[in-house]
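The values are calculated or read from the model by the stated rules, or taken from the named source; none is laboratory data. From a predicted model like this one, the values you see are computed outputs, not experimental measurements. Note: ideal-geometry Cβ built from the backbone for every residue, glycine included; neighbour counts use all protein chains shown. Heads up: the accessible areas ignore ligands, DNA and RNA and are worked out on the full protein's heavy atoms, side chains in. Shrake-Rupley method; radii C 1.70, N 1.55, O 1.52, S 1.80 Å.
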Amino acid sequence: MPEPASTKEERESLWRQARRMGPLERRAIQGALALVLALAALAVIPYRLEVTAECVILPAQRRHVRAAMEGVLSEIAVDEGAVVREGQLLARLDDRQLSAEKREAEAQVERIRANLLRLRNGVRPEEIARQRAVIAARESSAAFARSELLRQQGLLRNGFVSQQSVDEAERNVRVAESELAEAQALLAQLLAGTRPEEIAAEEAELRRAQAELAFVEQRLADMVILRAPIDGVVVTPKFKERLHERVAAGDQVCEIASTGAMRAEIFVPERELDALRPGLPVTVKVTSHPTEAFEGKVLFMGATVEQHNGLECVRVVTELEDPRQLLKQNMTGYGEIHADRQSILSLMSRRLVRWIRVRFLL
């Protein structure tokens, strides 16, 4: 099909105009075309965003061992750097006071148990006989006191003694009669036997004493002895130097860090947070082992923004693979989070676009 005359004329006109352009104009057009092509390429070529920030190494699991009661550290069984197993003895508080309380509680339980046994078995015949003998002796004492009072009253009437002697004799009569009445009441109680409510009251007293003994024993077992809550290593500096130190209830005695896994806390600037999410791969390098790369994944991101080296940062936590156990608590280095792929143009302009949108509320 023959080309239309108008199209042919337009093409020849453009060609004549291009031939009339100077070298500078042609280079400008070429540069513009190259820029357009470069921008188009940057807009379609994907590239992974890498977010790098300072980090610190921490154990994946830490436990603070605290004193359950006030006392003095009488024994420290391990030192800093010792590898311990869950339940292993770490330290012991002085238990002399509690041991004395336990002995006293045991004696109290035995006394109440013996009294309860006596109440249940009833009164023995020899006890009744002994009490009757006591009554007979006190009756004799009361009779003697009354006769002495009569004698003193006769002497007073004849003027041989003072009123003070008569008063003393009257007091002796009252004391003797009171002791006799007390002995007679006790005999009546022995003859009547033990009432059920007395046995019930003594049983309740025994349960109370046994509960107190159990409480003291539990304190001796659980509060005096400090044991490792997890498998790990003791990271408290100069732990054995705390021997004979007094601690209050709730004071930290030592710290145990697990050795099975380590974590890295990466302090990512707040402005990079939009590109991160849990599950992204992470590579960490520490100053102590610059040739070693430790791999992990983002576990979670902190709930608050924190200050770190003058910047507003968010803690990004990752658990690291460390089969050779090279990582130690509080090591420092850098963590690189491998975010999702984006176009190169998007990566180059993301900060500028973010600033414009935030600044002008777009």
Need the list of lysines near K297 for cross-linking: C-alpha distance under 17 angstrom, and skip anything on the same chain fewer than eight residues off.
K285
Aspartates and glutamates with Cα under 20 Å of K328, excluding same-chain neighbours fewer than 8 positions away
E54, D79, E80, D231, E255, E265, E292, E295, E319, E336
Rg followed by Dmax, in Å, when the stretch 62-190 is reduced to its Cα trace:
31.9, 100
Run the accessible area of the stretch 50-125 with a 1.4 Å probe and give the carbon-and-sulfur part as a rounded percent.
44 percent
Please report, as a whole percent, how much of the solvent-accessible surface of the stretch 169-318 comes from carbon and sulfur atoms (probe radius 1.4 Å).
53 percent
Under the √(5λ) rule applied to the eigenvalues of the Cα gyration tensor, what semi-axes describe the equivalent ellipsoid of the stretch 174-230? Give them in Å, descending.
48, 15, 5
What accessible area, in Å² to the nearest ten, does a 1.4 Å probe give for T332?
80 Å²
If you place +1 on the Cβ of every Lys and Arg and -1 on the Cβ of every Asp and Glu, how big does the dipole about the Cα centre of the stretch 160-254 come out, in debye to the nearest 20?
820 debye
Starting from the Cα gyration tensor of the stretch 254-320, take the square roots of the eigenvalues, sort them a ≥ b ≥ c, and report rounded, prolate or oblate (rounded when a/c is under 1.5, otherwise prolate if a/b is larger than b/c, else oblate).
prolate
The ³J(HN,Hα) series, computed from each phi in the stretch 90-96 with the Karplus coefficients 6.51, -1.76 and 1.60 at θ = phi - 60°, rounded to the nearest Hz and given as x for glycine or proline, is 9, 7, 9, 8, 4, 10, 5
Considering only protein heavy atoms, what is the solvent-accessible area of H64 at a probe of 1.4 Å, reported in Å² to the nearest 10?
100 Å²
Averaged per residue, the 1.4 Å probe accessible area of the stretch 187-277, protein heavy atoms only, in Å², is roughly 54 Å²
What is the Cα coordinate range of the stretch 109-262 on the first, second and third principal axes, sorted by size from largest, in whole angstrom?
107, 42, 21
List every residue whose amide H lies under 5 Å from the amide H of D231, counting only residues 5 or more places away in sequence or on a different chain, with H placed 1.01 Å from N in the peptide plane.
E86
